[in-house]
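Structure, as structure tokens:
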Amino acid sequence: MKLGGHKIKIKSSSALVVAAGCTVAFMFLTTCISFIFFRQRMNEANNLLREAKYSQYESYVVMISSDDDSDFWQRVYNSANEYGKSHGIYVDLLSDNVDVNYSKEELLEMAIESGCDAILLEGDDNPQTMELINSAASKGIAVITLENDVTGSRRVSFVGVNNYTIAQLYAKSLMDNITKQKHVMVIGDNTINETVAGNFVNNMQEALSGEDIVNAPLEFDIRIIEDNNAFAAEEYIQNLFMKNELAPVVICLDATSTESFYQSMIDYNKVGQVLLFGNYESQAIYTGIQQGVIKSTVTLDADSMGKTAVKAFEEYRDSGYVSDYINVEPRLINSKNVEDFLKKENDNE
């Protein structure tokens, strides 16, 4: 290299230092730009939220779940929204106001910054969720957890179901269908953690204790699909079929796993060889029950959950008090009553 007519030699180590410095500078610049862009989108979302606070409503409530587009959470929201309309409460499904797929934690941050009156939140065991709930509480925002609680947080109420009651419904359906099967596989996607699945199995064993089962006690194998990829559950379950790692009895603890396992039973010609018990309700699950591929499904009453959650906020807003835990009864759907649910579904369309 020439500088002022003189040749200058740059040692390789110096070149590496320069290159490293350039790389660090580039990464820092990229991070800054990303942060500025994110804050800009956050501000845009907050502006949309503020615009949604119509003067005819006394309170503004935001609802956030892990999958707002799912049939279940759509039912919860519609019920909450309908009840709110007639009681001066505007319930907003936050994800509808933004055009980017933000995480649940990011949506929760947006809701807090918007200055809403309350947040209806699907609970989870993420430590960041607890921190954000406590942050909301410190700003006077009431948080009501749905389906799953966030124990130890400053939420004002939990609207959900008794886990032992759910296990009893599964146990009842199991007893109606099981003959000599002994092995039970329990499958959950990334919305189900090992603690939840383990508690479910313990409750199942307790519910089945004393029952006249030929090959008692049943042996449970818990499979948690931790990957959060959109098709992780489908791929995992397909691998179970391809490797023939199936148990004679399978219990799915979420809608995605239920629908994926149901479809795989058809694709791999395993209908009649596995007793499948599902979770939640959807058109596909209804069809699976009609066909006899899915023996039954246990679901929460989405309509009741949405309405109950808004009523809980209303009570807390007006009196400053609300029950710490409000129970929503689960429901068992099988071949005996699936037509009733289908009729109700068609009437609502």
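Only the coordinates and a few stated rules stand behind these numbers; no lab work does. What you see is a predicted model; the values in this text were computed from it and never measured. Cβ atoms come from the backbone with ideal geometry, glycine included; neighbour counts cover every protein chain shown.
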Residues Ile119, Ile224 arranged by fewest to most Cβ contacts within 10 Å
Ile224, Ile119
Under 15 Å between alpha carbons, and skipping anything fewer than 8 positions from Lys172 in its own chain: which aspartates and glutamates qualify?
Glu206, Glu211, Asp212
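Once a ≥ b ≥ c are taken as the square roots of the eigenvalues of the Cα gyration tensor of region 222-296, is the result rounded (a/c under 1.5), prolate (a/b larger than b/c) or oblate (a/b not larger than b/c)?
Because a/c hits 1.5 or more and a/b fails to exceed b/c, region 222-296 counts as oblate.
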For region 126-163 and region 287-337, what is the separation of their C-alpha centers, rounded to whole Å?
18 Å
Most exposed first by the Cβ proxy, i.e. fewest other Cβ within 10 Å, how do Lys344, Lys295, Lys270 rank?
Lys344, Lys270, Lys295
To make sure I understand the rule: partners must be aspartates and glutamates, Cα under 13 Å from the Cα of Lys270, and not fewer than 8 residues away in the same chain. Which ones qualify?
Glu245
Once the dipole of region 89-213 is set up with Lys and Arg at +1 and Asp and Glu at -1 on Cβ about the Cα centre, which of Tyr90, Val159, Gln205 lies farthest towards its positive end?
Gln205
With a/c under 1.5 counting as rounded, go ahead and sort region 64-168 into rounded, prolate or oblate using the C-alpha gyration tensor (a ≥ b ≥ c being the square roots of the eigenvalues; past the cut-off, prolate if a/b is larger than b/c, else oblate).
rounded
If packing is taken as the average number of other Cβ atoms within 10 Å across a peptide's residues, how do 304-317, 88-101, 154-167 rank, most packed first?
304-317, 154-167, 88-101
Relative contact order of region 166-296 (C-alpha contacts under 8 Å, at least 6 apart) in percent is 28 percent
